[in-house]
Amino acid sequence: MAVKDAGRAARSASRVPPAREPERQVESPELIQLLTPEGERVEHPDYPLDVSAAEVRGLYRDLVIVRRIDFEAIALQRQGELGIWASLLGQEAAQVGSGRALGPRDMAFPTYREHGVAWCRGLDPMKLFELFRGVSHGGWDPTAHNFHLYTIVIGSQTLHATGYAMGIQRDGAVGEDGAAVIAYFGDGATSQGDVNEAFIWASVNNAPVVFFCQNNQWAISEPLERQTRTPLYRRAIGFGFPGIRVDGNDVLACLAVTRKAMQAAREGQGPTLIEAFTYRMGAHTTTDDPTRYRLSAELESWKLKDPIERVKQYLIRTQQAEMSFFDKVDAEAAQIGASVRTACQQMPDPEPLSMFDDVLTSQTRQLADERAEFAAYLDSFATAEEGR
Amino acid sequence: MTTLTLSRALNEGLRKALENNPKALIMGEDVGKLGGVFRVTDGLQKDFGEARVIDTPLAESGIIGTAIGLALRGYRPICEIQFDGFVFPAFDQIVSQLAKMRYRSRGPVRLPVVVRIPFGGGIGAVEHHSESPEALFAHTPGLRVVSCGGPADGYAMIQQAAESDDPVIFFEPKRRYWDKADVDVETGLADALPLAAARVLIPGSDVTVLCYGPMVRTCSEAAVAASGDGRSVEVVDLRSLAPLDTATIFASVRKTGRCVVVHEAVVTGGIGAEIAARITEECFYSLEAPVLRVGAPTTPYPPSRLEEHYLPDLDRILDAVDRTFGY
Ligand SMILES: Cc1ncc(C[n+]2csc(CCOP(=O)(O)OP(=O)(O)O)c2C)c(N)n1
Ligand SMILES: [Mg+2]
């Protein structure tokens with residue numbers, strides 16, 4: 001009892017008003033949208049998009065497959081096959097739309113949630129499973145698909161992307177058939193010094209880099225208001241380059257906006273910030289419990305804006321796809337799901353001694369000794385076993 | 001006595017710190033409504049309000065930098081860095097400012113800032129979530145660096161850290177968060193061991209095993225196993241890594257004549273290296289064997305499917321204990 005009272009006294013002694021009343025909201029900014037949640041195609045004067053029926057069907061297939069892989073991964077984590085998984089549920093359109101806007105020479109720098117972009121770049125999903133299973137820290141060659149390693153430290157990769165873009169400039173690879181870079185990061189990441197420094201570097205160098213922020217409204221348990229009091233896309237203006245907010249659940253809009261920004265970067269017009277306005281439909285990762293900090297009503301309202309359903313409705317309404325097409329995609333997704341599941345379950349653990357590899361480009365004498373000592377130590381168990 | 005997990009014990013200690021001093025604050029990522037990813041600050045924002053338990057923007061340099069400013073204004077921030085691998089964006093603020101400002105002022109400035117860091121491996125996590133960077137901080141003059149091994153120390157030490165007028169880097173062994181033990185939450189801390197003191201956890205006569213944080217439990221288990229082989233192991237929980245309680249360390253080694261230092265961190269340039277050097281300098285004629293170190297090889301923390309090989313375990317500790325008898 002006494003403890004409680006002391007607590008109350010300490011509480012009132014330091015009552016401080018919150019930094020700002022939450023009601024004072026900034027005016028609602030424009031959101032680039034080409035496909036409404038109901039699946040209706042709308043035109044935008046700045047973003048005319050010429051896509052064939054086959055392309056839209058291709059995007060639909062991508063969306064369904066990446067959601068399926070994600071779904072399998074969550075299940076595999078529950079079964080203990082993966083250590084953890086960061087779900088992309090709800091962000092498929094942002095990732096597929098932007099991912100399909102990239103050309104083969106463009107380079108992408110992801111966070112840890114860009115499974116949809118990884119798919120578009122052609123990375124084997126098993127590489128992602130290796131990481132989340134604890135078999136590797138990534139273990140792919142970034143140059144193989146021009147898709148950099150996943151970066152877990154929030155915001156770091158935005159600087160790497162900017163430096164890479166500065167390299168493209170120095171290679172003289174900006175211009176008519178130039179290359180550009182896309183850096184992925186979240187709403188929470190925009191608070192990091194690294195991200196703000198990346199904006200500055202990109203700006204003063206006019207670097208060919210597109211900053212693609214998936215604003216999924218949450219950074220683990222912290223809502224957007226903990227990171228910003230201004231719409232994120234408007235930050236760009238202060239750094240000296242354009243910022244755009246796009247409906248992150250609209251794959252066509254994400255494709256169009258990213259295409260335009262990447263083209264501008266390739267041609268030497270410098271960086272763009274794209275804020276893809278979306279929602280993290282799942283937990284932050286499989287170890288997180290969002291019921292502790294957010295209301296289910298919010299989730300329900302975003303369910304109506306599902307990125308996949310609207311494409312399906314559009315394809316049906318405009319008769320660009322037969323019912324059999326959807327069945328075929330579902331069947332293919334199920335087959336891919338089954339194959340990643342089996343491959344994950346059969347994935348062997350790495351060799352213990354492999355942990356000594358790749359620390360530096362050549363093995364040092366010191367590390368070679370440590371490795372030999374550890375090998376002898378492991379052998380001593382084998383010998384003991386045999387001796388029994 | 002109450003049985004508490006380490007996570008809960010730290011939570012109770014933090015609650016006491018907030019109650020005892022209205023200037024104490026908690027700040028970090030997800031420490032408010034969520035109560036931290038390890039629930040160490042669970043319920044504190046609800047009870048003490050958003051002005052005292054602050055969900056900060058996602059920026060570690062900002063957390064420590066603003067904590068320094070708050071401290072200059074008379075507050076006593078207790079910061080949480082979510083995982084060991086994420087302290088580095090704050091490293092500049094810690095090393096160049098937090099650790100040096102008092103010295104720069106020639107005395108008048110005090111920075112009572114606590115930086116809590118869940119550290120160490122063994123939880124099957126992805127990269128940057130299992131590291132042991134304590135030596136980097138112990139190498140930095142101007143910081144106190146401590147680590148608790150279990151619930152009772154966690155409860156007491158976090159309060160002592162909160163009361164310290166010096167910056168304290170407080171390492172919490174994350175894989176022990178759910179270990180339970182009896183904690184006395186009724187009596188005050190007047191009789192508690194000082195923050196900078198080591199504790200002889202298990203007395204013994206043949207060999208001294210020095211450890212801290214997550215290795216305290218492992219080494220205690222090793223001592224029990226060794227006693228089955230007729231070896232009397234003295235386990236010393238260092239608790240404070242900067243400064244080191246050399247009096248307790250030297251007394252133990254002079255008694256046993258053998259010493260093994262155990263930590264999860266990389267052996268190269270680690271706490272064990274520092275301790276081994278000091279023992280060699282001060283206890284040379286008492287030694288029956290060189291001081292041995294058990295820790296990680298000179299590689300980054302590996303993928304989690306390899307961590308059982310990377311981390312010291314019972315076998316590797318016992319192996320080192322055995323080797324001290326081979327000289
Ligand atoms: C430097 C750093 N600090 C803390 C963390 C722990 N952490 C992992 S994800 C995350 C939230 C990230 O939020 P956001 O940038 O919005 O990306 P999202 O997870 O929503 O995709 C935090 C705090 C980290 N990975 N790196
Ligand atoms: Mg987010």
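The values are calculated or read from the model by the stated rules, or taken from the named source; none is laboratory data. Worth saying up front: this structure is predicted, and the values here are computed from it rather than measured. We place every Cβ from the backbone using ideal geometry, glycine too, and count neighbours over all the protein chains shown. Protein only, heavy atoms only, side chains kept; ligands, DNA and RNA dropped before computing areas. Shrake-Rupley method; radii C 1.70, N 1.55, O 1.52, S 1.80 Å.
Could you identify the single residue in B:290, B:297, B:302 that is open to solvent by 40 Å² or more (accessible area, probe 1.4 Å) and without any contact (Cβ under 8 Å) to a residue 60 or more places away in the chain?
Exactly one of B:290, B:297, B:302 is open to solvent by 40 Å² or more (accessible area, probe 1.4 Å) and without any contact (Cβ under 8 Å) to a residue 60 or more places away in the chain, namely B:290.
Note on the stretch B:74-90: residues that are more than 12 Å from every other protein chain (Cβ to nearest Cβ) and either part of a helix (DSSP H, G or I) or more than 16 Å from ligand 1 (Cβ to nearest atom) (or both) total 2. Of all residues being outside any helix (DSSP H, G or I) and either crowded, with 23+ Cβ neighbours inside 10 Å or within 11 Å of another protein chain (Cβ to nearest Cβ) (or both) in the stretch B:52-73, which is nearest to ligand 1 (Cβ to nearest atom)? Just the residue, please. Per the stated criteria, the residue is B:58.
With the condition kept exactly as written, say whether any residue in the stretch A:102-112 is in a loop (DSSP other than H, G, I, E, B), more than 20 Å from residue A:344 (Cβ to Cβ) and without any contact (Cβ under 8 Å) to a residue 60 or more places away in the chain. Yes, the stretch A:102-112 contains at least one residue that is in a loop (DSSP other than H, G, I, E, B), more than 20 Å from residue A:344 (Cβ to Cβ) and without any contact (Cβ under 8 Å) to a residue 60 or more places away in the chain.
Looking only at residues in the stretch A:295-312 that are within 16 Å of ligand 1 (Cβ to nearest atom) and open to solvent by less than 30 Å² (accessible area, probe 1.4 Å), the one that is nearest to residue A:178 (Cα to Cα) is A:307.
On the given criteria, is residue B:237 farther than 30 Å from residue A:134 by Cβ and either surrounded by 17 or more Cβ atoms within 10 Å (Cβ to Cβ) or away from chain A (no Cβ under 14 Å) (or both)? No, not satisfied.
Would it be correct to say that residue A:227 is within 15 Å of ligand 1 (Cβ to nearest atom), within 14 Å of another protein chain (Cβ to nearest Cβ), touching a strand residue (DSSP E or B) at 6+ places or on another chain (Cβ under 7 Å) and more than 30 Å from residue A:38 (Cβ to Cβ)?
It is true that residue A:227 is within 15 Å of ligand 1 (Cβ to nearest atom), within 14 Å of another protein chain (Cβ to nearest Cβ), touching a strand residue (DSSP E or B) at 6+ places or on another chain (Cβ under 7 Å) and more than 30 Å from residue A:38 (Cβ to Cβ).
Scanning the stretch B:159-182 for residues that are closer than 20 Å to residue B:116 by Cα and aliphatic (A, V, I, L, M) returns B:161, B:162, B:168, B:169. Scan the stretch B:233-259 and report the pairs whose first residue is closer than 21 Å to residue B:140 by Cα and free of Cβ contacts under 8 Å to residues at least 60 places away in the same chain and whose second residue is of a type in the set (D, E, K, R) and buried (at least 22 other Cβ atoms within 10 Å of the Cβ), with Cβ atoms within less than 8 Å and a gap of 6+ or a chain change. Close Cβ pairs (under 8 Å, with a partner that is of a type in the set (D, E, K, R) and buried (at least 22 other Cβ atoms within 10 Å of the Cβ)) amount to B:245/B:239. If the condition is being in a helix (DSSP H, G or I), touching a Lys or Arg at 6+ places or on another chain (Cβ under 9 Å) and open to solvent by less than 10 Å² (accessible area, probe 1.4 Å), then the stretch A:222-253 contributes A:232, A:251, A:252. Among residues of the stretch A:72-121 being within 14 Å of chain B (Cβ to nearest Cβ) and among the hydroxyl-bearing types (Ser, Thr, Tyr), the one that is most open to solvent (accessible area, probe 1.4 Å) is A:112.
Here the condition is being touching a Ser or Thr at 6+ places or on another chain (Cβ under 6 Å) and either in the same structural domain as residue B:289 (by TED's automatic domain parsing) or hydrophobic (A, V, I, L, M, F, W, C) (or both); of B:221, B:234, it holds for B:234 alone.
Annotation: residue B:280 fulfils all but one of (1) among the hydroxyl-bearing types (Ser, Thr, Tyr); (2) within 14 Å of chain A (Cβ to nearest Cβ); (3) open to solvent by 10 Å² or more (accessible area, probe 1.4 Å); the unmet one is (2). Could you list all residues from the stretch B:166-187 that are in contact with a helix residue (DSSP H, G or I) (Cβ under 9 Å, 6 or more places away or on another chain) and farther than 29 Å from residue B:123 by Cβ? Hit for the stretch B:166-187 is B:166, nothing else. Exactly one residue out of A:247, A:171, A:187 is at negative phi and within 16 Å of ligand 2 (Cβ to nearest atom): that is A:187. Only one of the numbered conditions (1) under 20 Å from the mean Cα position of the chain (by Cα); (2) over 25 Å from residue A:266 (Cα atoms); (3) within 16 Å of ligand 2 (Cβ to nearest atom) is violated by residue A:226, and that is (1). Screening residue A:216 with (1) farther than 30 Å from residue B:37 by Cα; (2) within 11 Å of ligand 2 (Cβ to nearest atom) gives one miss only, at (1). Here is the figure for the stretch B:301-311: residues that are in a loop (DSSP other than H, G, I, E, B) and facing chain A (nearest Cβ under 7 Å) total 2.
Quick one: is residue A:236 assigned by TED's automatic domain parsing to the domain that holds residue A:43, away from ligand 2 (no atom under 12 Å from the Cβ) and at pLDDT 95 or above? Spelling it out, residue A:236 is indeed assigned by TED's automatic domain parsing to the domain that holds residue A:43, away from ligand 2 (no atom under 12 Å from the Cβ) and at pLDDT 95 or above. Residues in the stretch B:173-227 that are among the acidic types (Asp, Glu) and more than 16 Å from residue B:312 (Cβ to Cβ): B:179, B:182, B:184, B:186, B:191, B:206.
Open to solvent by less than 30 Å² (accessible area, probe 1.4 Å), more than 30 Å from residue B:182 (Cβ to Cβ) and of a type outside the set (Ser, Thr, Tyr), is that true of residue B:84? No; evaluated as a whole, the condition is false for this residue. Can you name every residue in the stretch B:181-197 that is within 20 Å of residue B:283 (Cβ to Cβ) and open to solvent by less than 10 Å² (accessible area, probe 1.4 Å)? Listed by number, the list is empty, since nothing qualifies. Contact map, the stretch A:127-143: first residue under 15 Å from residue A:342 (Cα atoms) and within 11 Å of another protein chain (Cβ to nearest Cβ), second residue aliphatic (A, V, I, L, M) and open to solvent by 20 Å² or more (accessible area, probe 1.4 Å), Cβ cut-off under 7 Å, separation 6 or more or different chains; pairs are A:130/A:347; A:133/A:347. Against the list (1) within 16 Å of ligand 2 (Cβ to nearest atom); (2) in contact with a helix residue (DSSP H, G or I) (Cβ under 8 Å, 6 or more places away or on another chain); (3) closer than 17 Å to residue A:110 by Cβ, the condition residue A:182 fails is (1). Of the helices (runs of 4 or more DSSP H) that lie entirely inside the stretch A:122-214, those containing 2 or more residues that are within 16 Å of ligand 1 (Cβ to nearest atom) and open to solvent by 40 Å² or more (accessible area, probe 1.4 Å) span A:156-170, A:193-205.
Residues being among the hydrophobic types (A, V, I, L, M, F, W, C), open to solvent by 10 Å² or more (accessible area, probe 1.4 Å) and more than 16 Å from ligand 2 (Cβ to nearest atom): count how many of those fall in the stretch A:257-286.
Residues that pass the stated criteria total 1.
Taking the listed residues B:254, B:239, the one that is more than 18 Å from the chain's Cα centre (by Cα) and farther than 25 Å from residue A:367 by Cβ is B:254, with no other qualifying.
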